[in-house]
1. Got at least one residue in the range 94-106 being open to solvent by 30 Å² or more (accessible area, probe 1.4 Å), closer than 23 Å to ALA228 by Cβ, modelled with pLDDT of 95 or more and assigned to a helix (DSSP H, G or I)?
2. Any residue in the range 60-68 that is at pLDDT below 95, closer than 22 Å to THR165 by Cβ, surrounded by fewer than 20 Cβ atoms within 10 Å (Cβ to Cβ) and within 19 Å of the chain's Cα centre (by Cα)?
3. Filter the range 126-178 for residues that are of a type in the set (Asp, Glu) and modelled with pLDDT of 95 or more; which is surrounded by the fewest Cβ atoms within 10 Å (Cβ to Cβ)?
4. Given the condition assigned to a loop (DSSP other than H, G, I, E, B), in contact with a Leu (Cβ under 8 Å, 6 or more places away or on another chain), open to solvent by less than 20 Å² (accessible area, probe 1.4 Å) and under 24 Å from GLU190 (Cβ atoms), answer yes or no: does some residue in the range 45-57 qualify?
5. Might you check whether a residue that is at positive phi and either at pLDDT below 95 or among the β-branched types (Val, Ile, Thr) (or both) occurs anywhere in the range 34-43?
6. With the requirement that a residue be over 20 Å from SER136 (Cα atoms) and among the charged types (D, E, K, R), what does the range 187-223 give you?
7. Just one of the numbered conditions (1) under 16 Å from the mean Cα position of the chain (by Cα); (2) on the phi > 0 side of the Ramachandran plot is not true of GLY157; which one?
8. May I ask you to say which residue of PHE114, PHE156, PHE94, PHE152 is over 30 Å from GLU45 (Cα atoms) and of a type outside the set (S, T, N, Q)?
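The values are calculated or read from the model by the stated rules, or taken from the named source; none is laboratory data. The structure presented is a predicted model; accordingly, all values stated were derived computationally and were not measured. Because the Cβ atoms are built from the backbone with ideal geometry, glycine has one as well, and the counts that use them run over all protein chains shown. Accessible surface is based on the protein model in full, side chains and every heavy atom, while ligands, DNA and RNA are left aside. Shrake-Rupley method; radii C 1.70, N 1.55, O 1.52, S 1.80 Å.
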Amino acid sequence: MKPIIGLTMYDFDKKMDINNVYLTSIEQAGGIPICIPNATAENVEALLAIVDGLVLIGGADIDPLIFNEEPHPNIGSVVRKRDDSDLLLMNEAFKRQIPILGICRGQQIMNIAFGGTIIQDIPSQVENIVQHKQPSKRGELAHTVDVKTQRFKEIFGEASFRVNTFHHQSVGKLGKGLVTSAVAKDGIIEGIEHESHPYCVAVQWHPEELAPNGDVYAQRLFRSFINACKK
């Protein structure tokens, strides 16, 4: 049977809400996607009992008070209810050893779950040389990422490749047990993994925008995730 994959989402209509490319990418890789609205302490166990894998999707900025910082002047909109929901799902999925894939904001949620921090605004806080919020269409490729771990080399099959990019925030201090798996040329962390979990992986770019259009690296990521869910 095909694995059932839960995808986080908002519980209201929002421009950055879950969209068809996430669902298509999961289906294309061999999974059955279902949408998980905001979880609570009362229902998180029941929600994860019915899925074989969890995808933490992209979305709004994260409330910096969660990692003990005040809001930067350039921070965007935050939805604390979504933050709390994603962290509940992330922590429970990790406890159950369910495969987890984080995408963009999902990578940042994963980092915070293990005690890490977030760079709230890359352009004003980091001396970077790479454009991390491309003006071109979401399916276009932008900057290069360099792979740093064996797991990512096995997933992607290359030591370096191009990705799309739509973020002004990124992983700051790494959380406990996490490893930097990929970086941009300016050192911004583009991929992470947990050193002891069978499949707890995240990327800063948006492979769901690339996989449906035939990008081999994005497709390899989703296939590796679905294969882990089948186990």
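1. Of all residues in the range 94-106, those open to solvent by 30 Å² or more (accessible area, probe 1.4 Å) come to 94-97.
When the remaining residues are screened for being closer than 23 Å to ALA228 by Cβ, the result is 94-97.
The next check asks that each one be modelled with pLDDT of 95 or more; those that pass are 94-97.
Adding the requirement that they be assigned to a helix (DSSP H, G or I) leaves 94-95.
Yes, because at least one residue in the range 94-106 is open to solvent by 30 Å² or more (accessible area, probe 1.4 Å), closer than 23 Å to ALA228 by Cβ, modelled with pLDDT of 95 or more and assigned to a helix (DSSP H, G or I).
2. Yes, because at least one residue in the range 60-68 is at pLDDT below 95, closer than 22 Å to THR165 by Cβ, surrounded by fewer than 20 Cβ atoms within 10 Å (Cβ to Cβ) and within 19 Å of the chain's Cα centre (by Cα).
3. Start the filter on the range 126-178 by keeping residues that are of a type in the set (Asp, Glu), which leaves 127, 140, 146, 154, 158.
Now narrow it down to the ones that are modelled with pLDDT of 95 or more: 146, 154, 158.
On the way: ASP146: 15, GLU154: 11, GLU158: 14.
The selected residue is GLU154.
4. First, the residues of the range 45-57 that are assigned to a loop (DSSP other than H, G, I, E, B): 49-52, 57.
Within this subset, residues satisfying the condition of being in contact with a Leu (Cβ under 8 Å, 6 or more places away or on another chain) are 57.
Applying the additional criterion that residues be open to solvent by less than 20 Å² (accessible area, probe 1.4 Å) yields 57.
Filter once more, keeping what is under 24 Å from GLU190 (Cβ atoms): 57.
Looking through the range 45-57, at least one residue is assigned to a loop (DSSP other than H, G, I, E, B), in contact with a Leu (Cβ under 8 Å, 6 or more places away or on another chain), open to solvent by less than 20 Å² (accessible area, probe 1.4 Å) and under 24 Å from GLU190 (Cβ atoms).
5. So the first thing to find is which residues in the range 34-43 are at positive phi, and the list is none.
Checked against the condition, which is being at positive phi and either at pLDDT below 95 or among the β-branched types (Val, Ile, Thr) (or both), the range 34-43 yields no hits at all.
6. GLU193, GLU195, ARG220, ARG223
7. Result: GLY157 passes all but (1).
8. Checking each option against the conditions leaves just PHE156.
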